[in-house]
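*Asks:* So that we are looking at the same thing, I have put the structure below in C-alpha cells.
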Amino acid sequence: MLVLVRHGESTANAAGLLLGRIDAPLTERGLAQAAAVGPLLGAVRSLVSSPLRRALDTAVALHTGVDVAVDERWIEVDYGVFDGQALRDVPADVWREWRADPPTGRRGARPSPRRRRASARPARNSSPPTAQGRGARTATWWW
C-alpha cells in the first residue's frame, strides 16, 4: 500500500505564500501535525521524501522508526517567479492556467509521469514504499 503524507504547515503556508521549491521551515504547528499522523500509519517498511527540508522534517516527525530516503522525483512544484509570493499576487489568468494544467504536468487528479514512476519504483536500495513524506499537494491518487 502506498500512503502519501503532505508536509506539515510551513512558515510560508502560514503567511499565505505560494510555496514550491522555496525551502520554508515547518512551524511548531506543522511539526505537531506530522507527529499526529505518524501513529495512524501503522507499520511502515519504507519512507521516501522530497529533498526539501519541510518534507524531510515532516518525515522524521512521523516517528516511524524507519530511515528516510530522499528521492528527487518527489521534488515540489516549480512556480518560477511566483514562488514565495502571496497567492493574491498571482495573476488570475496564470492561476486559471495552473488549475487546468499545473506546473507539475498533472491534469486533474492524475499525477505527473515523474510521480507515477517514483511511486511505482522507489529509490534504489529500498523496499516498496508504504509511506512517503513529500511536499507537493496531492489530494487524490489514482491507479
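*Asks:* Pick out, from the stretch 1-92, the strands (runs of 3 or more DSSP E) lying fully within it that include 1 or more residues that are more than 24 Å from Pro103 (Cβ to Cβ). Show your work before the answer.
*Replies:* Numbers: elements: 4-6, 47-49, 68-70.
By residue number, 47-49, 68-70.
*Asks:* Follow-up. Regarding Asp89, is this residue surrounded by 15 or more Cβ atoms within 10 Å (Cβ to Cβ) and either in contact with an Asp or Glu (Cβ under 6 Å, 6 or more places away or on another chain) or of a type outside the set (Lys, Arg) (or both)? Step through it out loud before you land on a result.
*Replies:* Working: surrounded by 15 or more Cβ atoms within 10 Å (Cβ to Cβ): no; either in contact with an Asp or Glu (Cβ under 6 Å, 6 or more places away or on another chain) or of a type outside the set (Lys, Arg) (or both): yes.
So Asp89 fails the test.
*Asks:* Which pairs do you get when a residue that is within 17 Å of Trp74 (Cα to Cα), found in the stretch 8-23, comes within reach of a residue that is β-branched (Val, Ile, Thr) and crowded, with 19+ Cβ neighbours inside 10 Å, reach meaning Cβ atoms under 8 angstrom, with the pair 6+ apart or on two chains?
*Replies:* Close Cβ pairs (under 8 Å, with a partner that is β-branched (Val, Ile, Thr) and crowded, with 19+ Cβ neighbours inside 10 Å) amount to Gly8/Thr58; Gly20/Val77; Arg21/Ile75; Arg21/Val77.
Coordinate-derived values only; no laboratory data. The structure presented is a predicted model; accordingly, all values stated were derived computationally and were not measured. So basically every Cβ, Gly included, is an ideal-geometry build from the backbone, and we count neighbours across all protein chains shown.
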